[in-house]
Amino acid sequence: MTPIVLTMTWVAFLLGMAWYIAVLDGLWAAAREGRQPRAPLANPLYRCATILRQQSNLTEAPDLLNWRLAPALYAGLAGTGVALVPFSSASVLADLEVGIVWWGAVEALTVVVVFLHGWSANSQLGLIGAYRYVAIGLPVMLISMFVLIAAALPAESLAVPKIIESQHELWNVIRQPLGLPLFLLLGLSLSFRGPFNYADSADLADGTASEISGAARLVWEFARLAMLVATAAMAATVFLGGYLGPVLPGPLWLLLKTAVVLVLLVALSHLFARISPSRMLTLIWIVLMPLAFIDLVWAGLVAL
Amino acid sequence: MLERLAARAPVPVFVAMGRDRAPAVERLLRNADIDVTATPRHASILLVAGRVRDSDQAYLDRLHDQLPHPRATFWWGDEQGDDVDEARRAASSDDPVVALRVLYRNLISGAHASETHRLADEPPAPWRGKGDHGQGGEGMMGGVPYGRMMPMPPTPDIRDGLTLDVYTTQIGPFMPYWPAGLVLEVTFQGDVIQSAEVVNPTYPPRDVDRVPFDHLLHETTALAQIERARAAHHLVCIARLLSLVGLPTLSRRAQILAARVRANETIAIAPLRKAAARSGLKAALAPGLGRIDDRLARELGGPVQRAAGHAIDHRSDNPTYTRLDFTPVMQTQSDCRARLAQWFDEAEQALALVSAAPDAMIDHGALIEAPWAHRAPPIDYRVTELLPGLEWSEALLVLNSFDSAALCRMAPLEAP
Amino acid sequence: MALTGLLTIMGTIVAGALLLQWVAARTRRDRVVESQKIPFLGGSAPNTHAWQRFHVRYYSMTLLFIAFEMEMMFMYPWAVVYVAEGVKALAEMGMFLAILTVGILYGWREGIFRWQ
Amino acid sequence: MSVVDDMAFWIFALTAIVSGWRVFCTDSMVRASFLLLASFIAVGLIMLLLGAPYLGIATIFMMGVEMMVMALFMVMYMMNPAGLNPMVMVHQHRFSIGAGIAAFVGLAAVMLVTDFADNPVASDARVVTDLGKELLGDSMLIFETAGVTLLATMVASVILSSRSGRFGPADEGSVPPPLEPGGQPAGRLPEEGGGHGHHHH
């Protein structure tokens, strides 16, 4: 029975946190523009209803199966990512011995489903978004592999619960200060937000999402938010000690930490401009990758 | 239940920009009650702002049909809509937000029937029943599978069939971040533009910031009014670029500043500029991107020319300005970055002039520099020479680093 | 077992998402007409299908990436025994990072991180 | 538990085989790539069932990125990449059917005839740790050799594929060979391409 209960809890968590991000986005925009937010709590629900009321669109000869599957698989991948995160020492949905390797697989498969989503519509703007996303999504994955391996060093294990246990005395965010910021960039890339929005950007008329409407679009937008939640929960667990914390019960700590990380992610996604894909590619390989190297060396020296 | 919730959402509107309406539409962008979508697929109302050329009617109909049901068209402008019912139009002087909300609510509840398609419900080419599986194609690349041909390599490939295809299509006239009215036939290879041809020219720019300059032709006008219009014009240009690089909130801040300048409020541009610099706007505009040669910069004139390092500004010769120690600001690089910096510099300088001489007047008929690439002999340089070799996002950045008057002159009214 | 957990949550979400799309399609039955299917290009219609032999401008980078990735897969087991093995593992890491750095620098010098 | 495990095994096995077979039936290069990925994912999950979590998930991970890159290259090089006109993806039908059957029967026979070692790994065995120890112990040389080999792969792939470089475009001055010996160069000359190269190798 436990997997079912935990699954339902996580699905509720994803839905709730997706709503929370939408609220944060609205509040952030209103504050930056110096106006009153528009129905801050209910606005996300109104928009969901609007999207759901619209007819589902088709294009000429699309790859319909993959077009409908891609949003669903994307959301499902976010679910399997978040399943690695323990609520407490006793309750974890997927207690994988190699949890962070699965997280890497989630990143790899995310690139695949986003590509499929852009490919399936048989439209030029979506195609450009799909190919552009692959260019950025692939190398960003390497950075996250480095920082997660660095986090695994002191734990002597690839399992997420063990990584939490290794942070009893000191959180990884202090031990390996470069890890969290680099991992947050990955979160932006996985859900293509702000400076990492290479799939659904404004210049492509929303890119891979430019031809969808109705329920498929609702699932797609939810999946993007769910993936951001999954990254935040993972970041809170791997770098901020997850459920560890005094006084309050463990799950509540996890919730709080995830919420704080999400504030950071929302701020990051509004604060930075998107640079051209080829410059971003260079930036990732030439600047961010060496930073990830330094993170690994740093973590290694500290762990010895 | 779903209807009730949906009716309270921001109205999803796709804007088809016609003539004369650009600044008014920017007002909509600032309104939290309106959600201006990037694609018609996400919109429920097609807002036709201003007059649309007769030759663009087919494009407009196609756009209309791309909206998902329930959908409606709303006309905003004076010239059209005699045959359109009251619920679906607004005069150009009116604010259409309330009317849009009502129309949207009725659309959701079913009180206003969703509009049916305007173009024929038939594939671009008849295909059913042809080919091995009735898909309309023959062989590997032949025929019209599902109604359209397949992309082909630019020249017949007699060797190994490995030549990459090109994809040629018309783009515009109602593309977001695209000069209103411009239709280009663009050839892509991958995401890089290989060539472009003008099919339909841009709509001539006509915006509110022109009013004081027109006024000056026959009446003595306050310097403050002129310079405020300049600042507002530049802020709107900056806003477009900010939105394009993924900073929509900063972009709306620039829009709000422009509106406040027009309303004679005192504002400071420095915070916006600082926020933009902190967000890495410079990195988003690669050095050298969109660099134009000296001849073109001179021919376009205005801020484009000064961004190329030519201190040519009619204000230098005007006594009112020389009394204020006016010297034109300029950049040297003549690329997108320089043009953006020029907009910021000139807007800040304009506001400084306003605060230095709030009551100064300029005699009518005086020759005062306009904020845009002003009138000059026609030029033979085309926007189509600017784009080849650029990746799509860079191409849009380059387009949006020019003011609409400059773009209009580079995509001439008579198609070449 | 971990696999059960992964499959349960994956199955639940995917099934829910597909169900939502199916129900929405059943309740709104307006047909998508042919003119509605034309891909969005700012009002224009394309001459051809968009599916093409797409010139991927970063293809050299993907090859470097694959080799890089392969190398990374050795690092996961290495991380587990790192503390136990001590200096030997540290030296191993130095070797590993040196190889990757050389690979990146070479690629950079040849300009493979740019659009070609 | 064991019944559930068995069921899972058969489902994954069937998925692996069916999607592997469908690879050859679809007309779309992208579908073919990702059907192959689906097959590999099913195999990876079977490895998970067999108590080899690292290898199983690493398979899924690696195949995810590799099939993605393969799809990019398939679309670049194949006419009609989406299969809008149906085509036959297999050649030499008779030979391939024969070879397929022979390989299947042979491998199945090996599987049935071989006397597999029967010492199940304890469920709490730390297989990843053992793997790490092996890599830093007896197999260190293999590990290091693999590292250097992969570096050679990186350099070689860049040399072979990259057009840009420090000595200018790779195809500068190159002339396509003639179709007959001693004839005129055939096909496109690189100069015609407006500076955007095509790579035949």
Space enclosed by the convex hull of the alpha-carbon atoms of the stretch A:2-303, per residue, Å³: 130 Å³
Overall Cα dimensions of chain D - principal axes, largest extent first, Å: 69, 45, 28
The stretch A:227-242 versus the stretch B:196-267: alpha-carbon centroid distance in Å: 44 Å
Distance (nanometres) between label positions extended 7 Å along Cα→Cβ at D:Asp138 and C:Trp108: 4.1 nm
Distance from the stretch A:79-133 to the stretch C:18-47 (C-alpha centre basis), Å: 27 Å
Inter-part distance where the stretch D:28-60 and the stretch B:1-67 are each reduced to a Cα centre, Å: 45 Å
16 Å Cα-Cα reach of B:Lys274 towards lysines, excluding residues that sit fewer than 8 places from it in its own chain: B:Lys282
Per-residue average of Cβ from other chains inside 10 Å of D:127-138: 6
Label-to-label distance, nm, for residues given as B:His314 and B:Ala352 (7 Å Cα→Cβ offset): 2.3 nm
Rg [Å, one decimal], Dmax [Å, integer] - chain B, C-alpha atoms: 23.7, 82
Beta bridges by DSSP in chain B, antiparallel share as percent, to the nearest 5: 55 percent
Residues B:Arg315, A:Arg35, sorted so that the one with the fewest Cβ neighbours within 10 Å comes first: A:Arg35, B:Arg315
Prolate/oblate/rounded label for the stretch B:208-410 (Cα gyration tensor, a/c 1.5): oblate
Helix A:124-155 axis, angle to chain A major axis (alpha carbon atoms, nearest 10°): 10 degrees
Sites B:Asp83 and B:Asn264 - FRET efficiency at Förster radius 41 Å, r taken between beta-carbons, to 0.05: 0.55
Crossing angle, helix A:43-53 versus chain A [Cα axis fit, 0-90 degrees, rounded to tens]: 50 degrees
Helix runs (DSSP H) in chain B reaching 20 Å along axis by Cα, Kyte-Doolittle at least 0.0: B:223-244, B:336-356
Largest-first ellipsoid semi-axes for the protein assembly as shown, taking √(5λ) over the Cα gyration tensor eigenvalues, angstrom: 49, 33, 31
Peptide B:34-40 - average C-beta neighbours from other chains (10 Å radius): 5
In degrees, nearest ten, helix A:215-239 long axis to first principal axis of chain A (Cα): 10 degrees
Per-pair calculated FRET efficiency, R0 = 41 Å: A:Ile294 and D:Leu160 via Cβ, rounded to 0.05: 0.85
Kyte-Doolittle mean at least -0.5 and Cα axial length at least 24 Å: DSSP H helices in chain D: D:2-22, D:29-49, D:53-77, D:93-113, D:140-161
Helix-only mean residue ellipticity at 222 nm for chain B, each DSSP H run of n ≥ 4 adding -39500 (n - 2.57), per residue, nearest 500: -10500 deg cm²/dmol
Cα coordinate range in the stretch D:128-169, projected on the principal axes (Å, largest first): 48, 17, 13
Largest to smallest principal axis extent of the C-alpha atoms in the stretch D:1-110, angstrom: 48, 32, 19
Theoretical gain in end-to-end length, B:Leu217 to B:His364 [0.36 nm per residue, Cα-Cα removed]: 52.4 nm
Protection proxy ranking, peptides D:25-34, B:180-189, average beta carbon neighbours within 10 Å, highest first: B:180-189, D:25-34
Averaged over B:61-67, number of beta-carbon atoms from partner chains that fall within 10 Å: 6
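No value in this document is a laboratory result; all are computed from the given coordinates. All of these numbers come straight from a predicted model, not from anything done at the bench. All Cβ positions, glycine included, derive from the backbone under ideal geometry; neighbour counts span all protein chains shown.
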